[in-house]
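Participant: Please find one structure pasted underneath; my questions will follow.
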Amino acid sequence: MVARETNSGDRSHDASKAAPKAHDWILDMAPYVPGRSAVKGVASPVKLSSNESLFGPSPKVIKAVDALGDKVLKYSDPAAKDLRQSIADVHGLDADKIICGTGSGEILSMITHSYAGPGDEVIYSEHGFALYEIQANIVGATGVVVPNKDWAADVDGILEAVTEDTKLVFVDNPNNPTGAYVCWEETKRLHANLPEDVLLVLDGAYAECATAEDYRAGESLVDLYDNVMITRTFSKMYGLAGARVGWAYGPSAVIDVLNRIRLPFNVGLHGQAAATAAVKDQDHLQAARAFTATWRDNMTDGLRDLGLEVVDSQCNFILVGFPQGEHSAKSCYAFLSERGYIVRALPSLPDYLRISIGAAGHNQAVLTLIKEFLGK
Ligand SMILES: *Cc1c(COP(=O)(O)O)cnc(C)c1O
């Protein structure tokens with residue numbers, strides 16, 4: 001018998017037995033932990049942990065999906081033509097430079113798979129969207145973590161972290177989980193100082209609820225340069241998280257690359273119909289945006305009045321800081337859970353909770369409950 005190298009690492013149950021083996025870097029990963037959606041003993045808890053829009057989707061979306069009926073027996077349009085054209089019309093973009101995905105998460109995955117691998121570096125913020133790190137890990141690239149500045153991405157910190165091995169820079173703007181944003185001048189400065197062979201990905205998952213006058217998602221940079229793109233989603237302000245639809249606008253060469261690895265029919269029939277109806281109903285989006293901005297202000301003011309730290313947010317959630325001891329974030333999380341309100345605890349920010357803006361009654365209830373929790 002020919003001697004064979006055996007996997008004697010501690011990941012193998014029985015080193016003498018051969019078995020399919022994944023990449024080492026995959027075995028080192030832990031699965032993604034989504035926002036919790038259930039509480040023991042509470043029949044139907046209110047989930048304020050995943051930044052879904054409890055304002056809900058446009059009624060036209062429901063109609064469009066209902067109208068599909070038995071059309072589901074056919075494959076969806078592999079090119080998502082109507083959807084891309086509808087997005088292009090609303091945003092004044094070139095439809096040929098748009099790609100759609102099953103959530104923008106799939107597009108972030110396609111980008112990372114296409115542009116980074118073992119030996120490459122991928123830069124993102126310390127308190128940024130968890131998917132960047134996960135994607136870098138999946139492809140065996142090295143994640144380079146840059147501390148935030150004033151809760152947003154630190155432009156100078158990112159620029160200092162760039163090396164010859166840097167392939168991608170991910171910036172969620174506004175930032176999840178902090179809600180903070182990088183202003184347009186700074187966004188442009190970041191891009192202007194990156195090497196031409198580094199792709200800057202501006203993740204605008206919350207662009208639809210950003211109201212700051214000096215905020216821009218960055219479409220205009222895409223039209224001018226070959227190394228910057230934006231990603232967007234229908235999961236947040238459009239209220240279509242379950243439909244799984246996102247899109248990106250990028251330079252032709254990048255979109256061409258992503259289309260090579262995109263699986264055929266990636267966005268299903270229902271997702272395409274729902275997102276097309278949603279983007280055509282900009283009145284509904286504006287209503288959701290106004291509702292969110294109003295409650296974001298109310299929640300921020302209300303919690304600050306109770307003496308808590310609240311980070312200024314441009315998103316449909318707020319990041320709330322709690323003191324150590326009796327009134328800690330951990331205790332508040334448990335207090336709210338027991339009363340049927342699930343918020344997001346963050347392993348990397350143990351003294352904070354991220355609370356999504358809910359329906360009016362939910363928001364009011366959370367304010368009242370936290371006041372009670374603090375004994376005020
Ligand atoms: C929610 C979110 C996304 C989008 O996720 P989908 O896959 O489109 O549902 C992307 N980036 C950030 C920062 C997010 O918070």
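The values are calculated or read from the model by the stated rules, or taken from the named source; none is laboratory data. What you are looking at is a predicted structure, and each value in this text was computed from that prediction instead of being measured. Neighbour counts run over all protein chains shown; Cβ positions are idealised from the backbone, glycine included.
Participant: Working carefully through the options Val182, Val257, Val171, Val245, find the one that is at pLDDT 95 or above, surrounded by fewer than 23 Cβ atoms within 10 Å (Cβ to Cβ) and β-branched (Val, Ile, Thr). Reasoning before the result, please.
Facilitator: On the way: Val182 fails: surrounded by fewer than 23 Cβ atoms within 10 Å (Cβ to Cβ); Val171 fails: surrounded by fewer than 23 Cβ atoms within 10 Å (Cβ to Cβ); Val245 fails: surrounded by fewer than 23 Cβ atoms within 10 Å (Cβ to Cβ).
Step by step, each of Val182, Val257, Val171, Val245 is checked, and only Val257 is at pLDDT 95 or above, surrounded by fewer than 23 Cβ atoms within 10 Å (Cβ to Cβ) and β-branched (Val, Ile, Thr).
Participant: Quick one: Asn176 ticks every box in (1) surrounded by fewer than 21 Cβ atoms within 10 Å (Cβ to Cβ); (2) out of contact with any Ser or Thr (no Cβ under 9 Å at 6 or more places or on another chain) except a single one, so which number is it?
Facilitator: In the conditions (1) surrounded by fewer than 21 Cβ atoms within 10 Å (Cβ to Cβ); (2) out of contact with any Ser or Thr (no Cβ under 9 Å at 6 or more places or on another chain), Asn176 misses (1) alone.
Participant: Just to be sure, is Ser104 touching a Phe, Trp or Tyr at 6+ places or on another chain (Cβ under 6 Å) and farther than 22 Å from Pro347 by Cβ? Even if it seems obvious, please write down each step before you answer.
Facilitator: Values: touching a Phe, Trp or Tyr at 6+ places or on another chain (Cβ under 6 Å): no; farther than 22 Å from Pro347 by Cβ: yes.
Considered against the rule, which asks whether it is touching a Phe, Trp or Tyr at 6+ places or on another chain (Cβ under 6 Å) and farther than 22 Å from Pro347 by Cβ, Ser104 comes out as no.
Participant: May I pose another question? Across the stretch 315-370, what is the total count of residues that are under 25 Å from Ala205 (Cβ atoms) and touching a residue at least 12 places away in the same chain (Cβ under 8 Å)? Break it down into steps so the answer makes sense when it comes.
Facilitator: Initial filter on the stretch 315-370 (under 25 Å from Ala205 (Cβ atoms)): 315-321, 329, 333, 336, 341-360, 362-363, 366.
Imposing the further condition that a residue be touching a residue at least 12 places away in the same chain (Cβ under 8 Å) reduces the set to 315-321, 329, 333, 336, 341-346, 348-360, 362-363, 366.
Total satisfying the criteria: 32.
Participant: Looking at the stretch 347-376, which of its residues are at pLDDT below 95 and under 27 Å from the mean Cα position of the chain (by Cα)?
Facilitator: Residues satisfying the conditions are Pro347, Ser348.
Participant: Go through the stretch 346-365 and count every residue that is out of contact with any helix residue (DSSP H, G or I) (no Cβ under 7 Å at 6 or more places or on another chain) and under 17 Å from Val311 (Cα atoms).
Facilitator: 5
Participant: Just checking, which of Leu224, Leu200, Leu194 is under 20 Å from the mean Cα position of the chain (by Cα) and away from the ligand (no atom under 14 Å from the Cβ)? I'd like the intermediate steps shown before the answer.
Facilitator: Working: Leu224 fails: under 20 Å from the mean Cα position of the chain (by Cα); Leu194 fails: under 20 Å from the mean Cα position of the chain (by Cα).
Selected residue: Leu200, the only one of Leu224, Leu200, Leu194 that is under 20 Å from the mean Cα position of the chain (by Cα) and away from the ligand (no atom under 14 Å from the Cβ).
Participant: Go through Ala278, Ala329 for me and flag whichever is of a type in the set (A, V, I, L, M), in contact with a Leu (Cβ under 9 Å, 6 or more places away or on another chain), crowded, with 18+ Cβ neighbours inside 10 Å and under 27 Å from Ile99 (Cα atoms).
Facilitator: On the way: Ala329 fails: under 27 Å from Ile99 (Cα atoms).
Just a single option satisfies the conditions, and that option is Ala278.
Participant: Okay, next question. Could you identify the single residue in Val155, Val162 that is aliphatic (A, V, I, L, M), more than 19 Å from Ile230 (Cα to Cα) and over 19 Å from the mean Cα position of the chain (by Cα)?
Facilitator: Exactly one of Val155, Val162 is aliphatic (A, V, I, L, M), more than 19 Å from Ile230 (Cα to Cα) and over 19 Å from the mean Cα position of the chain (by Cα), namely Val162.
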